[in-house]
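Only one structure is covered here, and it is reproduced in the block below.
The values are calculated or read from the model by the stated rules, or taken from the named source; none is laboratory data. Nothing here was measured: the structure is a model prediction, and the numbers come from that model. All Cβ positions, even for glycine, are placed from backbone atoms using ideal geometry, and neighbour counts span all protein chains on display.
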Amino acid sequence: MALYEHVFIARQDVSQQQVEALTEQYSTILKEQGGSVSKTEYWGLRNLAFKVKKNRKGHYTLMNIDAPHAAVAEMERQMGISDDVLRFLTVRVEEHESEPSAMMQSRGDRGDRGDRGDRGGRFGDRGDRGDRGDRGSRFGDRPRRDRDENTDGGNE
């Protein structure tokens with residue numbers, strides 16, 4: 001059987017318990033078709049980048065699936081019918097990650113954005129530029145054009 005990561009977004013006005021019920025419903029569909037769900041993660045109510053079916057927020061859920069393609073296709077068909085599911089995405093993977101997803105890790109654990117170190121933030125002191133020389137004046141070697149030099153003006 002193939003391994004999949006599946007994320008779906010539920011409407012903002014359903015409760016967390018209803019989202020868990022939806023997750024269980026789709027897990028049951030997969031189990032009936034001979035598949036299994038190894039891990040589920042509820043990522044919470046998060047802002048959407050743009051309005052989707054008049055919703056500004058959505059409940060995000062990740063499912064790690066080990067199932068045949070037919071089972072995943074049936075689950076996606078059921079999600080397409082449901083009014084509670086705004087969007088979903090299924091991606092085939094080589095193996096599932098054993099640790100929590102990046103969304104569930106705290107910023108300090110990820111180490112990518114949370115720690116700015118000695119840099120001092122976005123506009124902090126950049127320090128010595130080392131091998132970069134003086135950039136010179138703003139205009140450099142370009143000759144300066146004056147208005148007087150332009151002889152083909154519209155009045156002649």
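When you check Gly136 against the structure, is it modelled with pLDDT of 60 or more and not in a loop (DSSP other than H, G, I, E, B), yes or no? So Gly136 does not fit the description; no.
Looking only at the range 35-56, how many residues end up being without any contact (Cβ under 8 Å) to a residue 40 or more places away in the chain, farther than 14 Å from Tyr4 by Cα and not basic (Lys, Arg)? Outline the logic, then answer.
Of the range 35-56, the ones without any contact (Cβ under 8 Å) to a residue 40 or more places away in the chain are 35-37, 40, 42, 44-51, 54.
Among the residues that remain, those that are also farther than 14 Å from Tyr4 by Cα are: 42, 44-51, 54.
Restricting the remaining residues to those that are not basic (Lys, Arg) gives 42, 44-45, 47-50.
Residues that pass the stated criteria total 7.
Residues that are over 19 Å from Leu30 (Cα atoms), loosely packed, with under 11 Cβ neighbours inside 10 Å, out of contact with any strand residue (DSSP E or B) (no Cβ under 8 Å at 6 or more places or on another chain) and not small (Gly, Ala, Ser) within the range 46-105 comprise Phe50, Lys51, Lys54, Glu99, listed in sequence order.
Only one of (1) closer than 23 Å to Ser98 by Cβ; (2) surrounded by 13 or more Cβ atoms within 10 Å (Cβ to Cβ); (3) modelled with pLDDT under 95 is not met by Ser38, so which one is it? Answer for Ser38: the failing condition is (2). Of all residues in the range 57-81, those that are over 19 Å from Met1 (Cα atoms) have Cβ atoms under 9 Å from Cβ atoms of residues that are hydroxyl-bearing (Ser, Thr, Tyr) and part of a helix (DSSP H, G or I), 6 or more apart or on another chain, in Thr61/Thr23; Gln78/Tyr26; Met79/Tyr26.
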